[in-house]
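Read the structure below first, then the notes.
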Amino acid sequence: MKLDELIEHLDYKDLVNFKNVEISGISYNSKTTKKGDIFVCLTGEYTDGHKYAQDAINNGAAALLTEHKVDTDKKIPQVIVNSTRHKIADIADRFYSSPSRGLNLIGITGTNGKTTVTHLIQKIFEQNDQKCALIGTLGYKLSSNGEYRDAKHTTPQAPELQATLRMIKDVEKIDNVVMEVSSHALEQNRVGGCCFDGAVFTNLTQDHLDYHITMENYFEAKALLFKRLQEGAYAVINMDDEYAEKFLSIVPEGVRKYTYGVKKTSDVMAKDIQFSLNGAEFKLVTKYGEYPVNLHMNGMFSVYNVLAAIAAAIASGIDLKVALKALENVKGVAGRFEVVAKKPLVIVDYAHTPDGLENVLKSAREITPKDGKLICLFGCGGDRDATKRPKMGAIAEKIADKIVITSDNPRSEDPQQIITDIIAGLKSVNPEKVTVEPDRGHAIALLKNIAENNDVVVIAGKGHEDYQILKDRTIHFDDREEARKVFEASVI
């Protein structure tokens, strides 16, 4: 593609050394820049891409997208814009010929539940004999039975995202895509240019405040997904969430609205909910009728996730009975309330926010035998919102009978300081109830001595992750593997 075609509709400030060169790709990492790329000088929290423009040119960059003129040893074209972080999405969409406009693209946003809801919607489409690709935390996959392909973020950077959408459409011949959309991706415009046919809101609770600073900023980032919906699209909103009315109020005119919930009157509701070791049961209430639902998944959060998926299915014109058949066949999602051993019952979950931890512990309490204890092992990530640490400590102390406080992904922080922050939320550090072990592997091994056969153990925070990020390196670490080693006699 010629440079003038690439920037034809771009709102740029200035052109320097303009020549109508051929652009063969988009890069923002000078180390991976190839001949013919336009190199985008991204400015971020830790680095400034303008410093690496010369390195990109040395590797073959044919043009630069910058926020100011850069001195280089070659007079290659420089397209100057106000924000490279926002404009990279525009040129990526243009370069890949707006692939989302040829797809049925559904975006899922919220603090918790995004991964599960995307998987459920993918299953529903497949039950309806329609191919559906998925993009999210675990990578992307072209079918529910397919393998994940690696992704670096919940929502990839714009060039990778647009390239993936184009591949899904043209190479794989798939017309439906369901995608997790994080607040970072929305605020940083990584999904700029994407035309969403539907958007689903799961919930909004404290997370990422190290980045967004306030809950209002966090809401505004999530709200962008709904504000950008075009006429004929649909919005699915969790009515029981305290931000529901705010989300409903910013949905543009001409966009169809669907609501779901348990407490407040909604288009899709669950009543008479019951939990057992086998899963959740409830009565689904919709304007199309009432249906009994039997899930293999457990917990109130699973009920909400299923309701969100059902509402999206209805909005997509899929028969309700088809949707229910798909959902009742789902066994679960990797690292989400995943049972890895039976005696004691050991559950691994990705919960890493106050609300997420509270939800998973309440769900685990529902299935804890009367003569058993609920035990929670968790930590908090380093270089992330520190204000949630004492809150999570208080939640674990309140709901669980025993807690084991350990490391999560400490990153550059001292693990002991993170643990101290968690302990600050406890009323008491009674050794009969609280165990502290900074080494996560050793902490999980200690469960062998703490948990008895009738107990329920929740290992929270990392879920599906198979690595741990330390100060100086990243190591292989999987909660599920570690738990299976400890409780090998009762592994499922």
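Each reported figure results from applying straightforward, stated rules to the coordinates on display, with no laboratory input. Every value quoted in this text rests on a predicted model; they were computed, and no experiment measured them. With ideal geometry, Cβ positions are generated from the backbone for all residues, glycine too; neighbour counts draw on all protein chains shown.
Applying 1/(1 + (r/R0)^6) with R0 = 25 Å to the Cβ-Cβ distance of residue 283 and residue 334 gives a FRET efficiency near 0.30.
Placing unit charges on the Cβ atoms of the charged side chains and taking the dipole of the chain about its Cα centre, the candidate lying farthest along the positive direction among 279, 58, 318 is 318. The mean sequence distance of close C-alpha pairs (under 8 Å, at least 6 residues apart), as a share of the length of the chain, puts its relative contact order at 10 percent. Taking the beta-carbon count within 10 Å as an exposure proxy, list 352, 296, 464 from fewest neighbours to most. Least to most surrounded, the residues fall as 296, 464, 352.
Have a look at 477, 369, 379 and report the one farthest towards the positive end of the charge dipole of the stretch 338-490, computed about the Cα centre with Cβ charges (Lys/Arg +1, Asp/Glu -1). The listed residue farthest towards the positive side: 369.
In a DSSP loop and with at most 14 other Cβ atoms within 10 Å, the trypsin sites (Lys or Arg not before Pro) in the stretch 11-113 are 13, 19, 34, 35, 69, 74, 75. Extension gain for residue 445-residue 485 works out to 13.6 nm (0.36 nm per residue, less the C-alpha to C-alpha distance). Only the Cβ atoms of Lys and Arg (+1) and of Asp and Glu (-1) were treated as charged; on that basis the dipole of the chain about its Cα centre amounts to roughly 480 debye.
The sum of -39500 (n - 2.57) across all DSSP H runs of n ≥ 4, divided by the residue count of the chain, sets its helix-only mean residue ellipticity at 222 nm to -9000 deg cm²/dmol. Once the C-beta distance of residue 21 and residue 98 is scaled by a Förster radius of 30 Å, the resulting FRET efficiency is 0.85 to the nearest 0.05. When each of the peptides 227-235, 58-66 is scored by the mean number of other C-beta atoms lying within 10 Å of its residues, the order from highest to lowest reads 58-66, 227-235.
In loop segments of the stretch 1-78 as defined by DSSP, the chymotrypsin sites (Phe, Trp or Tyr not before Pro) with at most 11 further C-beta atoms inside 10 Å of their C-beta are 46. Of the GluC sites (Glu not before Pro) found in the stretch 340-445, those that fall in a DSSP loop while having at most 11 other beta-carbon atoms within 10 Å are 432. Using C-alpha pairs under 8 Å with a sequence gap of at least 6, the mean separation divided by the residue count of the stretch 99-328 gives a relative contact order of 20 percent. For the stretch 220-279 and the stretch 167-183, what is the separation of their Cα centres, given in Å? If you average the Cα positions of each part, the centres end up 22 Å apart. What does the C-alpha gyration tensor say about the overall shape of the stretch 3-95? Classify as rounded when a/c is under 1.5, otherwise prolate if a/b is larger than b/c, or oblate. Since a/c stays below 1.5, the shape of the stretch 3-95 is classed as rounded.
Each of 392, 239 has some number of other Cβ atoms within 10 Å of its Cβ, and from fewest to most they run 239, 392.
For the stretch 1-114, DSSP calls about 35 percent of its internal beta bridges antiparallel.
Counted over the stretch 358-492, the DSSP beta bridges are approximately 20% antiparallel. Full extension of the chain between residue 454 and residue 365 yields a length gain of 30.8 nm, computed as 0.36 nm times the residue separation minus the alpha carbon distance. Residues within the reach of a label modelled at residue 416 (point 7 angstrom out along Cα to beta-carbon, backbone nitrogen below 14 Å), restricted to the stretch 358-397: there are none. Bridge orientation summary for the chain: considering DSSP beta bridges with both residues in this region, about 40 percent are antiparallel. The ranking of 195, 380 from fewest to most other beta carbons within 10 Å of each one's beta carbon is 195, 380. Dipole of the chain computed with +1 at Lys/Arg Cβ and -1 at Asp/Glu Cβ about the Cα centre; of 27, 138, 79, farthest Cα towards the positive end is 138. Other residues within the sphere of radius under 13 Å centred on the Cβ of residue 191, judged by their own Cβ, net out at 0 (K and R +1, D and E -1). D by Stokes-Einstein for the chain, Kirkwood Rh over Cα pairs, 25 °C, 0.890 mPa s: 102 µm²/s.
Helices in the chain that qualify as membrane-span-like (whole DSSP H runs, Cα extent of at least 27 Å along the helix axis, mean Kyte-Doolittle hydropathy of -1.0 or higher) do not occur.
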